[in-house]
Amino acid sequence: MLAARAPLAHRQTGRLGSGPALGPKYVRFMGCGWRATPWRTDMQAHIVPVGNLANQMLQLAFMDALQQQLPGLQIGGVDLPIWQIRRDLPVSPAAQRLRFFGQYVDREWLLGLLQRGWLQDFEFAALGFRMANFDRERVKRLFPPTPTVAQALAHDELLINVRGAETLDNVHVDYGPLPLHYLRQLVETTGLRPVLMGQIGSDWYSDALRETFSGCREISSQGIREDFEIIRAAPHIAMSLSSFSWLACWLSGAQTIHMPLVGIFNPAQRPDIDLLPVDDPRYRFYEFEVRRWAASEPQIGALSTAGHWPQLTTPQVEAKLAAAANRLAPMQRRYRLKLLAALAKQRAGFHARVGNRAPPA
């Protein structure tokens, strides 16, 4: 069981113009003052929706946490009708905006630029999947649960959330289905009754799940909001490899959450992503090798191969995150240099963008 711990030191990022990554000499060429102005009211963040529902929810969550430190920040570009959330901003010349894109965002530097008045109007077509970028209590208030759910689970049942559909194909190397024997291992070690729920259809993976857990209860998709609430209300959850499943689990009141460190959740594969709530005692983390999903015949065959996925201790998870932080450091330095160059271009009246591709595993 993972005990609650203090925040990891490597999750704290350097502030603008300080720390070993980049010193003041890199930013003085901007010709701007250093005085922070956290109560500015002319700052605008235009969110450009990226990906599926959960990604868009996390984009808003990122900006909402930023707004907590910058009350004058106005947020637009949000349209989440299933949550009855819509936020618009007046139309302004897009050529004057700096666009953030990709997965990694240096939140501390973004905050510093806004506080100092070096940046006022920007587009957020990025994600920023890192624990330090989100405030769970604020996210829960943004997306409150429904009073009732379409399908409730008993306390002796394990909800196995299934992410299938397009991820079964060669769509994204950091996604893909989970091994059948890993899921069977969870059922055997917990002693709970399995319940399959989510994207279950007539595909090969769904058929394999039904064969593995013959006769178990099955909940087909009830709709995107309903599925989210079913996961969030379950007492025991086996998370799938998806941001949707991760967010529903994180916001849940579950007693136990089983999280595989695979794909985007594996620090060795994606050091730029940190979605591991290591200080949350509800979580059980399981070790996986780096896997770049291509839906190849050997990979599909391996899903049915027996194996063992060790449950990790808190120090083991922290060690993986620390190693990922060391790999991330050079990318962060390059990112900051690109950010300053893009900002100079934007301040000269040109459209500019900054972002990072996924690092190699």
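The values are calculated or read from the model by the stated rules, or taken from the named source; none is laboratory data. Quantities reported herein were computed from a predicted structural model and do not represent experimental measurements. Please note: Cβ atoms are built from the backbone with ideal geometry, for glycine as well, and neighbour counts cover all protein chains shown. Side chains included, ligands, DNA and RNA excluded: accessible areas come from the protein's heavy atoms. Shrake-Rupley method; radii C 1.70, N 1.55, O 1.52, S 1.80 Å.
Hey, among the residues in the stretch 197-208 that are out of contact with any Gly (no Cβ under 9 Å at 6 or more places or on another chain) and part of a helix (DSSP H, G or I), which one's nearest to Glu166 (Cα to Cα)?
Only one residue tops the list, namely Trp204.
Every residue in the stretch 158-183 that is open to solvent by less than 30 Å² (accessible area, probe 1.4 Å), outside any strand (DSSP E or B) and of a type in the set (S, T, N, Q), please.
The one that is open to solvent by less than 30 Å² (accessible area, probe 1.4 Å), outside any strand (DSSP E or B) and of a type in the set (S, T, N, Q): Thr167.
Quickly run through the stretch 303-361 and pick out the residues that are free of Cβ contacts under 8 Å to residues at least 12 places away in the same chain, of a type in the set (A, V, I, L, M, F, W, C) and assigned to a loop (DSSP other than H, G, I, E, B).
Ala348
Quick one: which strands (runs of 3 or more DSSP E) sit completely within the stretch 41-144 and have at least 3 residues that are closer than 20 Å to Ala344 by Cα?
43-47, 98-102, 121-126
Taking Val262, is it of a type in the set (A, V, I, L, M, F, W, C), crowded, with 20+ Cβ neighbours inside 10 Å and within 23 Å of Arg130 (Cβ to Cβ)?
yes
Mind checking which residues of the stretch 236-257 are in a loop (DSSP other than H, G, I, E, B) and either over 26 Å from Gln56 (Cα atoms) or without any contact (Cβ under 8 Å) to a residue 40 or more places away in the chain (or both)?
Going through the stretch 236-257, the residues in a loop (DSSP other than H, G, I, E, B) turn out to be 239-242, 252-255.
Scanning the stretch 236-257 gives Ser252, Gly253, Ala254, Gln255.
If Gly198 meets every condition in (1) modelled with pLDDT under 95; (2) open to solvent by 30 Å² or more (accessible area, probe 1.4 Å); (3) closer than 21 Å to Pro235 by Cα; (4) of a type outside the set (Phe, Trp, Tyr) apart from one, which number is that one?
Going through the list (1) modelled with pLDDT under 95; (2) open to solvent by 30 Å² or more (accessible area, probe 1.4 Å); (3) closer than 21 Å to Pro235 by Cα; (4) of a type outside the set (Phe, Trp, Tyr), Gly198 breaks only (2).
May I ask you to verify whether Leu186 is in a helix (DSSP H, G or I), in contact with a strand residue (DSSP E or B) (Cβ under 8 Å, 6 or more places away or on another chain) and touching a residue at least 40 places away in the same chain (Cβ under 8 Å)?
Yes: the conditions hold for Leu186.
Would you please name the residue that is farthest from the chain's Cα centre (by Cα), looking only at residues in the stretch 209-235 that are among the β-branched types (Val, Ile, Thr) and either assigned to a helix (DSSP H, G or I) or surrounded by fewer than 15 Cβ atoms within 10 Å (Cβ to Cβ) (or both)?
That would be Thr212.
Which residue, of Arg270, Arg292, is touching an Asp or Glu at 6+ places or on another chain (Cβ under 8 Å), open to solvent by 30 Å² or more (accessible area, probe 1.4 Å), in a loop (DSSP other than H, G, I, E, B) and closer than 27 Å to Ala126 by Cα?
Arg292
Kindly indicate which of Arg193, Arg163, Arg107 is of a type in the set (D, E, K, R), farther than 21 Å from Val278 by Cα and in contact with a Phe, Trp or Tyr (Cβ under 8 Å, 6 or more places away or on another chain).
Values: Arg193 fails: in contact with a Phe, Trp or Tyr (Cβ under 8 Å, 6 or more places away or on another chain); Arg107 fails: farther than 21 Å from Val278 by Cα.
Going through Arg193, Arg163, Arg107 in turn, just one is of a type in the set (D, E, K, R), farther than 21 Å from Val278 by Cα and in contact with a Phe, Trp or Tyr (Cβ under 8 Å, 6 or more places away or on another chain): Arg163.
Go through the stretch 77-111 and give me each residue that's over 28 Å from Leu328 (Cα atoms) and buried (at least 18 other Cβ atoms within 10 Å of the Cβ).
The answer is Gly77, Val78.
Can you pull out every residue in the stretch 57-111 that is closer than 12 Å to Gln44 by Cα, in contact (Cβ under 8 Å) with a residue 40 or more places away in the chain, out of contact with any Gly (no Cβ under 9 Å at 6 or more places or on another chain) and among the polar types (S, T, N, Q)?
Across the stretch 57-111, the qualifying residue is only Ser92.
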